[in-house]
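Right, one structure below, let's go through it.
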Amino acid sequence: MTQSRLEDYALLADRRTGPLVSREGSVDWLCLPRFDGPAVFAALLGEPGNGHWRIRPVDGVVVERSYVADTFVLRTLWRTPTGEVVCTDFMAEHEHRADLIRMVEGVSGRVTVQLDLVMRFDYGSSIPWVRRVPGPDGERLLAVSGPDALLLDGPLPHAVDRHHVGVFTVGAGERECWTLTWFPSYRPVPQRLDPVTELDRTTADWQAWSRATALEGCRPEVRRSLLVLRALTDRETGGIAAAPTTSLPEDLGGVRNWDYRYCWLRDSALTIQAMATHGAVHHGWRDWLLRAIAGDDRTLRIMYGLAGERLGPELELDHLPGYAGSRPVRVGNGAAGQYQADVVGEVMMALDRLRRVGIPDDRFSWGLQRHLLEFAADHLDRPDQGIWEMRGEPQFFTHSRVMMWTAFDRGVRAVEEHGLHGPVARWRGLREELRLEVEERGYVPELGTFVQHYGTTEVDASLLVLPQCGFVAWDDPRMLRTVARIEDELRDDRGLLRRYRTAPGTDGLPGDEGSFLFCTFWLVNQYAHTGRLAEAEALFDQVVSYAGDVGLLAEEYDIDAGRLTGNYPQAFSHLGLVQAADAILRAKGGPGGCDER
């Protein structure tokens, strides 16, 4: 069975986990009970036998597939030689359980539908104990593996060689429904849901959120991206996952495969800034931040679990062959132990944005920010691994040093503009010290450009952030020359940006990687702010065109293979899309949300 391309997967969402459904009707990835839990369907990283749930018409062809407007309710119209059916897939939100619901409705004729269910807990390594149990409305299929249980309601398949298959016929006007429910195996078996009622409620909930979000004048791609960012935000804890997947390769067949199912402070902070611009943010993330860092501000970590947990070691799953043969498959992320000096800057920018959209600080949140600035001051002389989590030797990355400048700048603004209290004279001094340092060591006069890190002549796409945080003007001659070098050295043949050149070995990894979509959206932002509007719009449209039929973007794009790569869908890519679209709208004289600086 050929693996589906990433852009052919649709995300379902209950704001705790995110299954991926292929265009062929197969759920190939599902972690339970939340994004960073063990997968029960892991075919995405291996074979169908590693766990999947396929429902598709016999000899069917997909005619149309889309989300119901402003939701993650997926509708697929299938045509067969004997008729047509519509398949509807979605997740319902309930406490202490996760419910994946799949419906098949006859449109015309009579259509034979095949179901194939392979349940494999713990990333495809554990075969559960499966049996039929009685229910008030007929038998139910129960699968148990340690603390986890799955319950299937609906027309039950029969067991064949440790998986479950069924063949069902649906006529015009008829409907068949299945609900797969996760629950803790030590709790009572949960009640059966009414799929039609859940569909109506789920649709209404997503659309109500969309109406409350400031989307007036936004492109459809922006609406979908904001929905993705909400889908990646845990509804219970407020933690924001960077992506719902692990180990989708940045280099097809290579080793650059990372687990992104956790909460990076940087990614979360940038997500909050993008959402705040559109009125789509509340106290949840700030409260999560307080809990995650509580008592840990002196040893600040760059990422945490969805509830604020400290992460364990990075492990490799040898039993999975990897997506497109890309190994190793990793669980956990070794970057959790890195020092990345830019993180405090992004967090301070996000909290500054919340203040500016009308969410004031309380004594706890402002106290945390003061501790973060003390942490930054204590680490002023320490090199870091940078925004790209280099696995080579630490460096003084120019982007990191500028973000440290940003952290103190936002601290100063909090005092001067919002009446908060802190050692503002000290923060002003550190801000100026960092400015002078970056201009002396992060800028090379002979080249006329800023550079990736002190002591190198390489450039890095992260330098495009310098005007976004207010360190330099968008049209500063030094910045324009830096942009020109980035265009010359980091653009691929289609005009997309790579993060940096991998050849010098700064990142400490073999192989190469695709072009980074977030960085490309940064370039769109730069164009929009410097009178290159036509180029900004053309590049924006080009990147958007790489999304599949449901509008989702991965981390990177491989121009040689002509396909998305990296974890999917990626918060970075979607928040970058929102920021770039806002910049284009502002350049045209529209509202475009808050100014980045």
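The values are calculated or read from the model by the stated rules, or taken from the named source; none is laboratory data. Since the structure is predicted, the reported quantities are computational estimates derived from the model, not experimental observations. Neighbour counts are summed over all protein chains in view; Cβ atoms, including those assigned to glycine, are modelled from backbone coordinates with ideal geometry.
Restricting attention to segment 318-358, which residues are in contact with a strand residue (DSSP E or B) (Cβ under 6 Å, 6 or more places away or on another chain) and buried (at least 24 other Cβ atoms within 10 Å of the Cβ)?
Gln340, Ala341
From the list Asp137, Asp122, which residue is in contact with a Pro (Cβ under 8 Å, 6 or more places away or on another chain) and either of a type outside the set (Lys, Arg) or assigned to a strand (DSSP E or B) (or both)?
When all the criteria are applied, what remains is Asp122.
Enumerate the pairs (first residue in segment 574-591 and within 13 Å of Val543 (Cα to Cα); second residue anywhere and of a type in the set (Val, Ile, Thr) and not in a helix (DSSP H, G or I)) with beta-carbon separation below 9 Å, excluding pairs fewer than 6 apart on the same chain, so at least 6 apart or on different chains.
Val578/Thr277
Considering only residues that are of a type outside the set (Lys, Arg), within 17 Å of Trp182 (Cα to Cα) and loosely packed, with under 14 Cβ neighbours inside 10 Å, which ones fall in segment 108-138?
Residues satisfying the conditions are Trp129, Val133.
Look through Tyr527, Tyr568 and report the one residue that is in a loop (DSSP other than H, G, I, E, B), touching a helix residue (DSSP H, G or I) at 6+ places or on another chain (Cβ under 8 Å) and surrounded by 15 or more Cβ atoms within 10 Å (Cβ to Cβ).
Tyr568 is the lone residue from the list that is in a loop (DSSP other than H, G, I, E, B), touching a helix residue (DSSP H, G or I) at 6+ places or on another chain (Cβ under 8 Å) and surrounded by 15 or more Cβ atoms within 10 Å (Cβ to Cβ).
Considering only segment 445-495, state which residues are closer than 21 Å to Pro383 by Cβ and surrounded by fewer than 14 Cβ atoms within 10 Å (Cβ to Cβ).
Gly455, Thr457, listed by residue number.
Identify the single condition in (1) modelled with pLDDT under 95; (2) more than 18 Å from Trp388 (Cα to Cα); (3) not hydrophobic (A, V, I, L, M, F, W, C) that Arg478 does not satisfy, given that it satisfies every other one.
Failed condition: (1).
Within segment 188-209, how many residues turn out to be crowded, with 17+ Cβ neighbours inside 10 Å and either of a type in the set (S, T, N, Q) or in a helix (DSSP H, G or I) (or both)?
The qualifying residues number 6.
Looking only at residues that are closer than 26 Å to Gly589 by Cα and either small (Gly, Ala, Ser) or outside the structural domain of Gly548 (by TED's automatic domain parsing) (or both) in segment 217-248, which one is surrounded by the most Cβ atoms within 10 Å (Cβ to Cβ)?
Per the criteria, the residue is Ser225.
Exactly one condition in (1) in the same structural domain as Gly60 (by TED's automatic domain parsing); (2) of a type outside the set (Gly, Ala, Ser); (3) modelled with pLDDT of 95 or more is not met by His163; state its number.
That leaves (3) as the condition not met.
A quick yes/no check of all residues on (1) more than 30 Å from Arg330 (Cβ to Cβ); (2) of a type outside the set (A, V, I, L, M); (3) in contact (Cβ under 8 Å) with a residue 12 or more places away in the chain; (4) not assigned by TED's automatic domain parsing to the domain that holds Ala307:
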residue: Ala42; (1), (2), (3), (4): no, no, yes, yes
residue: Glu47; (1), (2), (3), (4): no, yes, yes, yes
residue: Gly51; (1), (2), (3), (4): no, yes, yes, yes
residue: Val62; (1), (2), (3), (4): yes, no, yes, yes
residue: Ser66; (1), (2), (3), (4): yes, yes, yes, yes
residue: Thr71; (1), (2), (3), (4): yes, yes, yes, yes
residue: Glu84; (1), (2), (3), (4): yes, yes, yes, yes
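Please give the helices (runs of 4 or more DSSP H) falling wholly within segment 347-446 in which 3 or more residues are under 22 Å from Leu270 (Cα atoms).
Result: 363-378, 398-418.
Residue under question is Gly18, and the condition is that it be under 19 Å from Trp178 (Cα atoms), of a type in the set (Gly, Ala, Ser) and either outside the structural domain of Gly332 (by TED's automatic domain parsing) or in contact with a Lys or Arg (Cβ under 9 Å, 6 or more places away or on another chain) (or both); does it hold?
yes
Return the residue satisfying two criteria in turn: it lies in segment 421-445 and is aliphatic (A, V, I, L, M) and over 33 Å from the mean Cα position of the chain (by Cα), and of such residues it is farthest from Glu374 (Cα to Cα).
Selected residue: Val444.
Among (1) farther than 21 Å from Thr169 by Cβ; (2) out of contact with any Lys or Arg (no Cβ under 6 Å at 6 or more places or on another chain), which single condition is Gly51 missing?
Only one criterion is unmet by Gly51, namely (2).
Condition check ((1) in the same structural domain as Val357 (by TED's automatic domain parsing); (2) among the small types (Gly, Ala, Ser); (3) modelled with pLDDT under 95; (4) farther than 22 Å from Glu393 by Cβ) across all residues:
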position: Pro423; (1), (2), (3), (4): yes, no, no, yes
position: Arg426; (1), (2), (3), (4): yes, no, no, yes
position: Glu433; (1), (2), (3), (4): yes, no, no, yes
position: Glu437; (1), (2), (3), (4): yes, no, no, no
position: Phe450; (1), (2), (3), (4): yes, no, no, no
position: Thr456; (1), (2), (3), (4): yes, no, no, no
position: Asp488; (1), (2), (3), (4): yes, no, no, yes
position: Thr502; (1), (2), (3), (4): yes, no, yes, no
position: Glu513; (1), (2), (3), (4): yes, no, yes, no
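Give all pairs with beta carbons closer than 6 Å in which a residue from segment 484-496 that is touching a residue at least 24 places away in the same chain (Cβ under 8 Å) and closer than 14 Å to Gly514 by Cα meets a residue that is outside any strand (DSSP E or B) and among the small types (Gly, Ala, Ser); count only pairs at least 6 apart in sequence or on separate chains.
From residues that are touching a residue at least 24 places away in the same chain (Cβ under 8 Å) and closer than 14 Å to Gly514 by Cα, the pairs are Leu490/Ala461.
Taking the criterion of being buried (at least 18 other Cβ atoms within 10 Å of the Cβ), in contact with a Cys (Cβ under 6 Å, 6 or more places away or on another chain) and of a type outside the set (Gly, Ala, Ser), would at least one residue in segment 260-283 satisfy it?
yes
Is it true that Gly505 is surrounded by fewer than 20 Cβ atoms within 10 Å (Cβ to Cβ) and either under 19 Å from Arg586 (Cα atoms) or in contact with a helix residue (DSSP H, G or I) (Cβ under 7 Å, 6 or more places away or on another chain) (or both)?
When the stated conditions are applied, Gly505 does not pass them.
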